Amino acid sequence: MEKKETENKAINDNEIIVEMKNVKKSFNQNHVLQDVNFKLNKGENLVVLGKSGTGKSVLIKCIVKLIEVDSGSLTVFNEDILTLKEKELNEMRGKIGFLFQSGALYDSMTVRENLEFPIRRRSKTVTQQELDDSVNEVLANVGLEDTIDKMPSELSGGMRKRISLARTLILKPELMLYDEPTTGLDPITSQEISELILEVQEKYKTSSIIITHDIKCARITSNRIMVIDGGGFIAEGTYDELKDSKDPLVSSFFK
């Protein structure tokens, strides 16, 4: 798939989906995030690029409050996520898809059962026909209709990643958070997953934050890239803008 230009992706710069202001997070003496500031626009794929251990995964876990920030402000869908009560937080999380590095499929369930699980958990009145329709739709969207009755152990790493993405998409999230989506995959499969992320943006009109150190993934998926190091962002721009950076750390990703 050829990546479309940013201006053709219907990004709304006036509507902010996620905003962090002066966010800090430390674990004992390890200052992981220090005065972090950024915005995610509606319809945008924002790639956070950085080496291992620079706080990329901590960043997105703070967005869904799996990790609590120490200070600063954090709004998601124009709501202050730091002050939400448990019920309100769970309602917000229902609009957010989170693709973990591991995929986190249930090994004892078939693909069908893995995909049905989040819908059954959300709705006690869903019919089997509604479940079947939803499962078939997302499997078609990730190109794996013939895996419906397989176990996760029967799938390749790339297939498991696709099924994990399908399970996330089945609830039709407005915001997608991808944590190292191509880690552990061979180059061909990595490109397929990156192109699938782009298809998801176009088909589901999602806004996404993609955490990665894979520059090819960043090139394919990004509307905008922010480079994180030393607890904060050190560069921001499009792929083409950053690849010509004079900063040695930023340019090192593009070699």
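Worth pointing out:
- Taken together, Leu177, Leu105, Leu115 contain a single residue that is part of a loop (DSSP other than H, G, I, E, B) and either crowded, with 19+ Cβ neighbours inside 10 Å or modelled with pLDDT of 95 or more (or both), which is Leu105.
- Taking the numbered list (1) at pLDDT 90 or above; (2) touching a Ser or Thr at 6+ places or on another chain (Cβ under 9 Å); (3) not small (Gly, Ala, Ser) in turn, Lys205 passes all entries but (2).
- Residue list for the stretch 91-136, restricted to those being among the β-branched types (Val, Ile, Thr) and under 23 Å from the mean Cα position of the chain (by Cα): Ile96, Val111, Ile119, Val135
- Residue satisfying all of: in the stretch 118-158; basic (Lys, Arg) and either assigned to a helix (DSSP H, G or I) or buried (at least 16 other Cβ atoms within 10 Å of the Cβ) (or both); modelled with the highest pLDDT among these: Arg120
- Close contacts from the stretch 56-77, counting a first residue that is at positive phi and a second that is surrounded by fewer than 18 Cβ atoms within 10 Å (Cβ to Cβ) and not in a helix (DSSP H, G or I), with Cβ to Cβ under 6 Å and a gap of 6+ residues or different chains, come to Gly72/Lys21; Gly72/Asn22; Gly72/Lys24.
- Residue, farthest from Leu49 (Cα to Cα), within the stretch 197-236, restricted to residues that are part of a loop (DSSP other than H, G, I, E, B) and touching a helix residue (DSSP H, G or I) at 6+ places or on another chain (Cβ under 7 Å): Thr206
- For the stretch 137-147, the criterion of being under 17 Å from Glu195 (Cβ atoms) and in contact (Cβ under 8 Å) with a residue 60 or more places away in the chain is met by at least one residue.
- Residues that are among the β-branched types (Val, Ile, Thr), closer than 13 Å to Arg93 by Cβ and surrounded by fewer than 18 Cβ atoms within 10 Å (Cβ to Cβ), drawn from the stretch 59-74: Val64
- Here Val250 passes the criteria (1) part of a helix (DSSP H, G or I); (2) farther than 15 Å from Thr182 by Cα; (3) in contact with a strand residue (DSSP E or B) (Cβ under 7 Å, 6 or more places away or on another chain); (4) in contact (Cβ under 8 Å) with a residue 40 or more places away in the chain except the one numbered (4).
The values are calculated or read from the model by the stated rules, or taken from the named source; none is laboratory data. In this text the structure is predicted, and so the values were computed from the model without any measurement. Glycine also receives a Cβ, built like all others from the backbone with ideal geometry; neighbour counts cover every protein chain displayed.
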